[in-house]
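A.B. asks: Mind looking over this structure? Questions follow.
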Amino acid sequence: MYKWKTLVRGLTLKRQFSVSTLQNDHYVQVPDRGLVEVGGEDSIKFLQGLITNHMPLIQSGGDGFYTAFLNPIGRVLYDTFIHPKNVGTTFPHPIYLVECDSRIVSDLIKHMKKYVLRSKVSIIDVSSQYNVWNMWGGNIDNLWWRYQVPNPSATKLPIGSLVLKERIAEIGCKDKRCPYMGLRFILPFDRTPSVPSSFKQLPSEEYKIRRILYGIPEGIDDLPPGSSLPLQSNFDYMRGIDWHKGCYIGQELTFRTYHVGVTRKRIIPVQLVHKDESLPTTLQVERTVNFPLPSPQTGIYASTETLSKKSRPIGTIGSSCHNIALGLLNLDKVQDENLAVANERGDVYRVKPFIPDWWPKVDDRDKLE
């Protein structure tokens with residue numbers, strides 16, 4: 001087993017924030033998501049050669065998983081969830097819903113079609129047919145059971161066969177990117193979740209806020225196609241890569257980076273304050289703050305001086321909301337107190353990074369494999 005070296009080891013930065021809307025029973029419609037249906041007898045083998053996760057894990061149906069499509073040099077093209085379509089009279093069947101940023105649906109379809117060749121697969125945009133939902137809170141386990149054989153007498157079913165058991169939705173998964181992300185599920189566009197009275201629906205913006213606070217990148221604002229490396233984008237932490245599967249596009253560089261053991265940059269949550277304000281000690285979203293935020297991929301600089309001189313940035317801003325954002329940063333700079341960023345108008349803000357508390361420790365590497 002390789003020793004896991006990381007530049008984050010030893011840092012004592014804490015991440016705390018208001019938890020009232022993060023831990024109680026809530027649900028939201030996830031904004032800006034598209035869906036591509038991939039079906040056909042070769043769909044499992046076809047997707048297996050294109051993604052970082054392991055399709056045989058979901059070939060018999062059940063929960064979906066998080067994964068990425070890479071280009072040949074190992075850069076992330078599209079971050080996605082792949083969900084078995086656990087409905088229909090012929091279930092289990094090889095039909096999957098590939099969930100992605102709604103802005104790149106057509107690009108993802110073009111990418112997949114380049115590799116179809118003689119494979120017996122169909123690829124269809126079904127974004128208009130479904131909505132994606134996220135749910136969290138102490139009572140979510142009561143709404144989400146694993147698929148299982150309903151009684152002990154049904155022992156002659158083929159190994160791996162699954163029988164549907166009623167739950168809040170047929171399609172979805174426990175979001176394993178982070179321990180706090182709850183359930184992610186898909187419903188037809190004309191349906192809303194049927195939930196107990198303890199659950200309250202929140203605006204879609206709250207999904208983005210939670211995602212940023214927990215340091216979860218998603219979509220092209222955080223992962224510009226062809227630019228991000230999987231480990232810099234935390235795919236190893238978010239269970240988006242299967243380290244034991246065979247070849248897929250972009251595998252070589254990903255494995256080499258992993259076994260070298262040092263990732264110098266990662267995406268982490270940051271808080272922005274005006275340049276004349278003191279830095280916060282804990283990560284807090286201020287929903288009343290609405291100053292003009294830097295655009296995605298704006299450079300983060302080591303200081304206001306290097307920003308004014310347009311020196312080389314040490315990181316970039318990703319998605320943002322109110323006074324918080326995600327940032328791709330050199331990990332040896334996260335304790336610096338002079339980091340700065342400017343919006344398109346030239347307004348300068350100080351940047352305070354925070355290391356997520358759910359990141360695995362050195363001894364936890366085996367749990368992610």
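A.B. asks: Given a 1.4 angstrom probe, what's the average accessible area per residue across the range 30-135, in square angstrom?
C.D. replies: Dividing the accessible area of the range 30-135 by its residue count gives 39 Å².
A.B. asks: Sort largest first and round to whole Å: the equivalent ellipsoid semi-axes of the range 81-137, each the square root of five times a Cα gyration tensor eigenvalue.
C.D. replies: 22, 18, 9
A.B. asks: Compare the Cα positions of 259, 84, 321 along the charge dipole of the chain (+1 at Cβ of Lys, Arg; -1 at Cβ of Asp, Glu; about the Cα centre) and return the one farthest towards the positive end.
C.D. replies: 259
A.B. asks: Same structure again: Using alpha carbons only, what's the Rg to Rh ratio of the range 208-248 with Rh from Kirkwood?
C.D. replies: 1.02
A.B. asks: Additional query: If you wrap a convex hull around the C-alpha atoms of the range 167-282 and split its volume per residue, what is the figure in Å³?
C.D. replies: Once divided by residue count, the hull of the range 167-282 is 199 Å³.
A.B. asks: Take every Cα pair under 8 Å in the range 315-354 that's 6+ residues apart, average their separations, divide by the length, and report that relative contact order as a whole percent.
C.D. replies: Rounded, it is 28 percent for the range 315-354.
A.B. asks: Another question about this same structure. Taking the alpha-carbon centroid of each part, what is the distance from the range 283-325 to the range 207-278 in angstrom?
C.D. replies: Their Cα centres are 18 Å away from one another.
A.B. asks: Per DSSP helix of 4 or more residues, -39500 (n - 2.57); summed, then divided by the residues of the chain. What does that give at 222 nm, rounded to the nearest 500?
C.D. replies: Taken over the chain, the calculation gives -3000 deg cm²/dmol.
A.B. asks: Just want the answer: with Cβ charges of +1 for Lys and Arg and -1 for Asp and Glu, which residue in 144, 68, 293 is farthest toward the dipole's positive end in the chain?
C.D. replies: Going by the charge dipole, the pick is 68.
A.B. asks: What are the radius of gyration and Dmax of the range 40-142, computed over its Cα atoms and given in Å?
C.D. replies: 14.3, 47
A.B. asks: Moving on to the next point. Provide the FRET efficiency to the nearest 0.05 for the residue 264-residue 119 pair, computing r from the beta carbons and using R0 = 41 Å.
C.D. replies: In this case the efficiency is close to 0.60.
A.B. asks: Same structure, new question: Convert each backbone phi in the range 285-295 into a coupling constant with the Karplus relation 6.51 cos²θ - 1.76 cosθ + 1.60 (shift: θ = phi - 60°), then list the ³J(HN,Hα) values in order as whole Hz, x for Gly and Pro.
C.D. replies: Per-residue couplings from phi come out as 8, 10, 5, 8, 7, 9, 6, x, 8, x, 6 Hz.
A.B. asks: Across every pair of different alpha-carbon atoms, what Kirkwood hydrodynamic radius in Å does the chain reach?
C.D. replies: For the chain, the Kirkwood estimate is 21.7 Å.
A.B. asks: If you don't mind, there's one more thing I want to ask. Please state the relative contact order of the chain as a whole percent: Cα pairs under 8 Å, 6+ residues apart?
C.D. replies: Value for the chain: 22 percent.
A.B. asks: Got a sec? Which residues in the range 188-223 would a label at residue 71 touch, if it sits 7 Å along Cα→Cβ and we count backbone N under 19 Å?
C.D. replies: 218-223
A.B. asks: Where the centroid of each part is defined by its Cα atoms, how far is the range 175-196 from the range 83-107 in Å?
C.D. replies: 15
A.B. asks: OK, next. Please give, to one decimal in nm, the separation of the simple spin-label points placed at residue 167 and residue 44, each 7 Å out from Cα toward the Cβ.
C.D. replies: Label at residue 167, label at residue 44, 2.0 nm between them.
A.B. asks: Also, quick follow-up: With a 1.4 Å probe and every protein chain left in place, work out the accessible area per residue of the range 232-279 in Å², rounded to a whole number.
C.D. replies: 43
A.B. asks: Counting only protein heavy atoms and a 1.4 Å probe, tell me what percentage of the chain's accessible area is made up of carbon and sulfur.
C.D. replies: 50
A.B. asks: Same structure again: When all alpha-carbon pairs of the range 249-369 are counted, what percent fall beyond 26 Å?
C.D. replies: 27
A.B. asks: Would you pull out the residues with amide H under 5 Å of residue 95's amide H, same chain only if 5 or more places away, H placed 1.01 Å from N?
C.D. replies: Here 85 satisfy the definition.
The values are calculated or read from the model by the stated rules, or taken from the named source; none is laboratory data. Owing to the predicted nature of the structure, the values given are computational and were not obtained by experimental measurement. Cβ atoms come from the backbone with ideal geometry, glycine included; neighbour counts cover every protein chain shown. Only protein heavy atoms, including side chains, enter the accessible area calculation; ligands, DNA and RNA are left aside. Shrake-Rupley method; radii C 1.70, N 1.55, O 1.52, S 1.80 Å.
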